[in-house]
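Data first, discussion second: the structure below is written as structure tokens.
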Amino acid sequence: MKLDQIGYWSEIKLEIIKEYANAYTSIMSKQSWCKGYVYIDAFAGAGTHISRRTGEMVLGSPLNALEVALPFTEYYFIDLDEDRADFFGKLAGENPNIHSYHGDCNEILVNDIFPLLGWDTFKRALCILDPYGLHLKWETIKTAADLKTVDIFINFPIMDMNRNVLFEDFAKAEPEDVERMSAFWGDESWKQLLYREQATLFGETHHVRIEDYQVLAKEYCKRLKQVGFDDVPEPILMRNIKGGPLYYLCFASQKSVAKDIVNDIFDKYRKAY
Ligand SMILES: C[S@@+](CC[C@H](N)C(=O)[O-])C[C@H]1O[C@@H](n2cnc3c(N)ncnc32)[C@H](O)[C@@H]1O
């Protein structure tokens, strides 16, 4: 199976998620009312990566979650790539607490996994939504928010947006990329936020960009609150080696204690790098 080469900031992202996963199971294992604390990795990946920095193998987010000091009670892994899903299928064959799915996580989460996590199940979940680009749908986020049982990490994919959607002149974006952006955002309001109509000397009108990804990310966090996640910390910006923005790592939860823990972890990395 082809492994991804990952940059420094992806290693930091993995550290952040690992740190929170450890805190999460340590807290949840002490809640006597809780009938299960579940880990979901919806864009699970290949299991391991190659570090561009060291050339060494680095465990991906699903394997890190399997290695937390106090394990989750169940694990759900999804990937659209058949070989990658098969890798987790093999692990599922060896451990009844692991479940592997092959397909689009937006459908699998909404139809198969989230329905197992209703409020009356007394289960809680940590869900990692870490796509390469604009492959996550707002409908998925909304379903998670309605449950009130799920904490989520979201990769807010600036690079895909900047390369394919957020052109200075809106007309340059391909319709399918505009559609992906609207599916990610939940509606078309991102256009009003970023673009203004401007008349040219020749009597035509253009939509010209007046804001950038920073405004968009701030508004996305507001939308996470509006949709039902009460506790959303300021996201952390991940950059490439030249300082160019790659993505924000966002977090959304129903618990202020979860927000505080993530804030502390984010701050530690913000200060260190
Ligand atoms: C960035 S990688 C995930 C890496 C993983 N979180 C880690 O840190 O080890 C994104 C993965 O999402 C998968 N993918 C892309 N679109 C998907 C979709 N709609 N549903 C599920 N998986 C998808 C890709 O095949 C790829 O393996």
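The values are calculated or read from the model by the stated rules, or taken from the named source; none is laboratory data. Because the structure is predicted, anything quoted here is derived from the model rather than measured. Neighbour counts run over all protein chains shown; Cβ positions are idealised from the backbone, glycine included.
Among the residues in region 221-230, are any acidic (Asp, Glu), surrounded by fewer than 21 Cβ atoms within 10 Å (Cβ to Cβ) and under 16 Å from Tyr20 (Cα atoms)? No: zero hits. Take Val215 and decide whether it is surrounded by fewer than 19 Cβ atoms within 10 Å (Cβ to Cβ) and either at negative phi or among the polar types (S, T, N, Q) (or both). Criteria met by Val215. The residues of region 39-90 that are surrounded by 20 or more Cβ atoms within 10 Å (Cβ to Cβ), under 20 Å from Leu134 (Cα atoms) and aliphatic (A, V, I, L, M), listed by number, are Ile40, Ala42, Ala44, Ile78.
The residue that is surrounded by the fewest Cβ atoms within 10 Å (Cβ to Cβ), among those in region 117-140 that are closer than 25 Å to Pro245 by Cα and in contact with a strand residue (DSSP E or B) (Cβ under 7 Å, 6 or more places away or on another chain), is Pro131. Would you mind finding the one in Ile98, Ile128 that is aliphatic (A, V, I, L, M) and within 13 Å of the ligand (Cβ to nearest atom)? Just a single option satisfies the conditions, and that option is Ile128.
A residue that is at pLDDT below 95 and either more than 22 Å from the chain's Cα centre (by Cα) or more than 15 Å from the ligand (Cβ to nearest atom) (or both) occurs nowhere in region 35-46. Starting from residues that are more than 20 Å from Phe72 (Cβ to Cβ) and surrounded by fewer than 19 Cβ atoms within 10 Å (Cβ to Cβ), keep the ones in region 144-163 and report whichever is nearest to the ligand (Cβ to nearest atom). Looking at the filtered set, the residue picked out is Met159.
All of Leu147, Leu237 fail the test of being within 30 Å of Tyr37 (Cβ to Cβ), in contact with a Gly (Cβ under 9 Å, 6 or more places away or on another chain) and hydrophobic (A, V, I, L, M, F, W, C), apart from Leu147.
Could you tell me whether any residue of region 125-137 is under 19 Å from the mean Cα position of the chain (by Cα), in a helix (DSSP H, G or I) and β-branched (Val, Ile, Thr)? No; the residues of region 125-137 include none that is under 19 Å from the mean Cα position of the chain (by Cα), in a helix (DSSP H, G or I) and β-branched (Val, Ile, Thr). Kindly evaluate Asn111 against the criterion of being more than 15 Å from the chain's Cα centre (by Cα), in a helix (DSSP H, G or I) and within 12 Å of the ligand (Cβ to nearest atom). No: the conditions fail for Asn111.
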